[in-house]
Amino acid sequence: MGEKVKSHSRRIMFSKQIYAAEAVKLAAYVFSDKADIKLASSAGGVEAEVSWEGKDCAVAGEFANEVLNQQCRLDLAVKNGKVANMIVTKALLSASGETVKKRGKQ
């Protein structure tokens with residue numbers, strides 16, 4: 001006979017003051033092959049129920065780390081978005097043969 005596979009489940013609350021709902025959703029997508037993750041919105045943020053089978057008891061903690069990783073990515077995108085857009089615009093203009101005019105010089 002085969003060995004029974006143990007099922008695990010943890011609930012984690014992600015405060016809306018710290019984590020964007022988008023970060024939790026992105027992390028749930030990343031973890032879709034490792035665990036079954038059900039999300040529910042509440043007044044305080046997003047609650048995630050993480051369920052998985054097997055011996056690895058670190059899955060819920062790894063999911064929480066992935067939520068933090070996704071939140072950092074979102075924060076950096078907001079912070080660096082304008083600079084990134086300027087770099088891309090300059091690169092595209094240079095590739096098309098146009099020059100970028102500097103401010104104050106016409």
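Quick note: the coordinates plus some simple rules give every number you see, no bench work behind them. Owing to the predicted nature of the structure, the values given are computational and were not obtained by experimental measurement. Here the Cβ is made from the backbone with ideal geometry for all residues, glycine too, and neighbour counts use every protein chain on show.
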Discussion item. Pick from Val30, Val78, Val88 the residue whose mean-square fluctuation is largest in a GNM of the chain, springs joining Cα atoms under 10 Å.
Written reply: Val88
Fill in: Computed lengthening from Met86 to Glu47, 0.36 nm per intervening residue step minus Cα-Cα distance
10.3 nm
Item to complete: State the Kirkwood hydrodynamic radius of the chain in Å, one decimal place, computed from all pairs of distinct Cα atoms.
Response: 16.8 Å
Worksheet item: Where a Cα-Cα gap under 14 Å defines reach, which aspartates and glutamates qualify for Lys90, not counting those fewer than 8 residues away within the same chain?
Response: Glu98
Worksheet entry | Unit charges on C-beta of K, R, D, E only; dipole of the chain, Debye | 820 debye
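Show that you can apply the helix-only estimate: for the chain, add -39,500 (n - 2.57) for every DSSP H stretch of four or more residues, divide by all residues, and state [θ] at 222 nm to the nearest 500.
It comes out at -15500 deg cm²/dmol, rounded to the nearest 500.
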Fill in: Length gained when the stretch Leu93-Glu62 is fully extended (0.36 nm per residue, less Cα-Cα span)
6.9 nm
Practice prompt. Pick out which of Ala43, Ala95, Ala27 has the largest mean-square fluctuation in a Gaussian network model of the chain, springs linking Cα atoms closer than 10 Å.
Written response: Ala95
Item to complete: Using the Karplus curve 6.51 cos²θ - 1.76 cosθ + 1.60 with θ = phi - 60°, work out ³J(HN,Hα) for each residue of the range 63-73 in order, rounded to whole Hz, and write x for Gly and Pro.
Response: 5, 4, 5, 5, 4, 4, 4, 5, 5, 4, 4
Practice prompt. Report, in degrees rounded to the nearest 10, the 0 to 90 angle that the Cα long axis of helix 21-30 makes with the longest principal axis of the chain.
Written response: 70 degrees
Worksheet, complete the sentence: With the charge dipole of the chain built from beta-carbon charges (+1 for Lys and Arg, -1 for Asp and Glu) about the Cα centre, the Cα from Tyr29, Gln70, Ala84 projecting farthest to the positive end belongs to Ala84
